[in-house]
Amino acid sequence: MSQKTVTDSGQVGAVEAPTDASAKRWWILAVVALAQLMVVLDATIVNIALPSAQADLGFSDGNRQWIVTAYALAFASLLLLGGRIADLFGRKTAFLIGVVGFAAVSALGGAATNFEMLVTARALQGAFGALLAPAALSLLNTTFTDARERARAFSVYGAIAGAGGAVGLLLGGVLTDALDWRWTLYVNVVIAVVAFAGGWLLLHNHRDAANSKLDVPGTLLVAAGLFSLVYGFSNAETHDWGSPETWGFLVAGGLLLTAFAWWQTRAAHPLLPLRILLDRNRAASFLAVLISGGGMFGVFLFLTYYLQLNLGFSPTKTGAAFLPMVAALMVAAQVSTTMLVPRIGPKVVIPVGFAVAAVGMAWLTGIGVGSSYLSVVLPQLIVTGFGLGLVMPPAMQLATGGVAAEDAGVASATVNAMQQVGGSIGTALLNTLAASAATDYLAGKDPTNKLVRARATIESYTTAFWWSAGLFAVGALITFLLFRRGVPEQDADAAPVVHM
């Protein structure tokens, strides 16, 4: 079979039917989704295993945070470089190197004999993840160009990006309980073997920006800026906000990123072409990813503490408790990307999603010392998950839609950077606010009383949930004001053309 098309001269010509390679695009989606799951899992899967790892390797409570922070720092600071490498040298090459490297350093971390070896492996995981994540998303963006198929593909990808943290908690709990904390790292080797085989067989290497050059000054500025920003917010958890190690790095990060933006207007081959950021819908989508990434930590982090420390859940049971949220998020992802946004546009859908998530988080503040999961956690998780499913998948789709092929990698990297920086900001802010709430509650009370301490802990959790609800409410307002009315052009029906 062949299709007819109109050439530039106005004559009707034949277009060949989709090739075998294009017919395999759904298998490509499976490979890309698997790789993305591996990257997202590692943001949370190690968290539940940290107490076991600490007991085994004997590192201090003060050093414990670096197992998480090392990954976040490397991942966030190198993302734009990773995205540009995929554009310059080919997405298949970047994808396969990222998969192999991620698996190798995961095995190194699993075999760690001391703290230094483990934290080095985590930093290297972040570096290879910064190469893998944008390559995976840009492959999705350039493989699915038909509007309806692209919407379905992004509903899957967005659901994984949003729910991967919760899946990581579940898998981390299962592996730690059933096997050993080291398997939270070794499991990546198993996933990587499947992802590498699929990528090797299915992907084709395109270098859409092969004629460009790497923007070295821009790379150094943005890497240093993102590193300083994430490091500053990470320090806010262990130092106070008045510490030079907090505000000093935050100020330095802001100045470096400002210098980066200035340089991008003058560079011959900019690392992040400003045309990517100046589209109004795309800018709104980047902000939606940033805000949702920050607010989600109010769900995962503090609810994990509540379920384990207050309700006595095991690590496995804690992870399983998040599954209804994951299911709600996946259902909403399918509905939002394939039905709602293509019909009524993002100006309604994404703000409504933020509002629903805000309601879920505000409802979650009703937890108490002896509350029941079924009555005061489960319904709220489902509502919050459904709201986030209306936000993250369409925002990711719109953030990368309509960009030129040579910019697909760096646009994808910007999405990942927004989610990572949002998560770092959210973790620091919510941890600080929660700790202050607990301290204020204990003022004038007997801190040795178990019930008083338990209530102080609940006060810290509910404070974090209220601030997460407020963050989502701000997201609803910002996205309502920024998104254009109507259906974006890239979501309009178009001839099915698969770009491999």
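The values are calculated or read from the model by the stated rules, or taken from the named source; none is laboratory data. Just so it is clear, the structure is predicted and the values come from calculations on it, not from any experiment. Cβ atoms come from the backbone with ideal geometry, glycine included; neighbour counts cover every protein chain shown. Ligands, DNA and RNA are excluded from the accessible area calculation, which covers all protein heavy atoms including side chains. Shrake-Rupley method; radii C 1.70, N 1.55, O 1.52, S 1.80 Å.
Considering only residues that are outside any helix (DSSP H, G or I) and at pLDDT 85 or above, look in region 72-130 and name the one that is surrounded by the most Cβ atoms within 10 Å (Cβ to Cβ). Give the steps one after another, and end with the answer.
Initial filter on region 72-130 (outside any helix (DSSP H, G or I)): 90, 111-114.
Adding the requirement that they be at pLDDT 85 or above leaves 111-114.
Details: A111: 13, A112: 20, T113: 9, N114: 11.
Ranking the candidates gives A112 first.
Considering region 244-259 alone, what residues qualify as being open to solvent by less than 50 Å² (accessible area, probe 1.4 Å) and among the β-branched types (V, I, T)? T246 - this is the single residue of region 244-259 that is open to solvent by less than 50 Å² (accessible area, probe 1.4 Å) and among the β-branched types (V, I, T). The single condition among (1) touching a residue at least 40 places away in the same chain (Cβ under 8 Å); (2) at negative phi that G345 does not meet is (2).
Looking at T365, is it touching a Phe, Trp or Tyr at 6+ places or on another chain (Cβ under 9 Å), closer than 20 Å to G426 by Cβ and surrounded by fewer than 18 Cβ atoms within 10 Å (Cβ to Cβ)?
Numbers: touching a Phe, Trp or Tyr at 6+ places or on another chain (Cβ under 9 Å): yes; closer than 20 Å to G426 by Cβ: yes; surrounded by fewer than 18 Cβ atoms within 10 Å (Cβ to Cβ): yes.
Considered against the rule, which asks whether it is touching a Phe, Trp or Tyr at 6+ places or on another chain (Cβ under 9 Å), closer than 20 Å to G426 by Cβ and surrounded by fewer than 18 Cβ atoms within 10 Å (Cβ to Cβ), T365 comes out as yes.
Scanning region 348-384 for residues that are touching a residue at least 12 places away in the same chain (Cβ under 8 Å), under 17 Å from M325 (Cα atoms) and hydroxyl-bearing (S, T, Y) turns up T365, Y373, T384. If you filter region 414-449 down to residues that are among the hydroxyl-bearing types (S, T, Y) and open to solvent by 70 Å² or more (accessible area, probe 1.4 Å), you find that the one that is modelled with the highest pLDDT is T439.
Let's see how each residue does on (1) within 18 Å of Y461 (Cα to Cα); (2) part of a helix (DSSP H, G or I); (3) open to solvent by less than 10 Å² (accessible area, probe 1.4 Å):
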position: A288; (1), (2), (3): no, yes, yes
position: I291; (1), (2), (3): no, yes, no
position: M296; (1), (2), (3): yes, yes, no
position: G312; (1), (2), (3): yes, no, no
position: L329; (1), (2), (3): no, yes, yes
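Among V452, V474, which is at pLDDT below 85 and open to solvent by less than 80 Å² (accessible area, probe 1.4 Å)? Only one candidate passes the filter, namely V452.
Of all residues in region 368-386, those that are within 13 Å of F313 (Cβ to Cβ), assigned to a loop (DSSP other than H, G, I, E, B) and open to solvent by less than 50 Å² (accessible area, probe 1.4 Å) total 2.
For T69, are the conditions met, namely being among the hydroxyl-bearing types (S, T, Y), part of a helix (DSSP H, G or I), modelled with pLDDT of 80 or more and in contact with a helix residue (DSSP H, G or I) (Cβ under 9 Å, 6 or more places away or on another chain)? Against the criterion (among the hydroxyl-bearing types (S, T, Y), part of a helix (DSSP H, G or I), modelled with pLDDT of 80 or more and in contact with a helix residue (DSSP H, G or I) (Cβ under 9 Å, 6 or more places away or on another chain)), T69 does not qualify.
For residues that are without any contact (Cβ under 8 Å) to a residue 60 or more places away in the chain, within 24 Å of Q65 (Cα to Cα) and of a type outside the set (V, I, T), tally how many sit in region 407-466. Lay out the reasoning, then the answer.
Taking region 407-466 and keeping what is without any contact (Cβ under 8 Å) to a residue 60 or more places away in the chain, we get 433, 435-450, 452-453, 456, 459, 463.
When the remaining residues are screened for being within 24 Å of Q65 (Cα to Cα), the result is 433, 435-439, 453, 456, 459, 463.
Those still in the list that are of a type outside the set (V, I, T) too: 433, 435-438, 453, 456, 459.
Of the residues in that region, 8 qualify.
Six or more apart or on different chains, Cβ atoms under 6 Å: show the pairs whose first residue is in region 105-116 and without any contact (Cβ under 8 Å) to a residue 40 or more places away in the chain and whose second is surrounded by 18 or more Cβ atoms within 10 Å (Cβ to Cβ) and in a helix (DSSP H, G or I). Correct list of pairs: V105/A121; V105/L124; V105/Q125; L108/A121.
Within region 260-272, is even one residue surrounded by fewer than 22 Cβ atoms within 10 Å (Cβ to Cβ), within 22 Å of the chain's Cα centre (by Cα) and either at pLDDT below 90 or within 29 Å of Q397 (Cβ to Cβ) (or both)? No, the conditions are met nowhere in region 260-272.
Does L381 satisfy being within 17 Å of the chain's Cα centre (by Cα) and at pLDDT 90 or above? No; evaluated as a whole, the condition is false for this residue.
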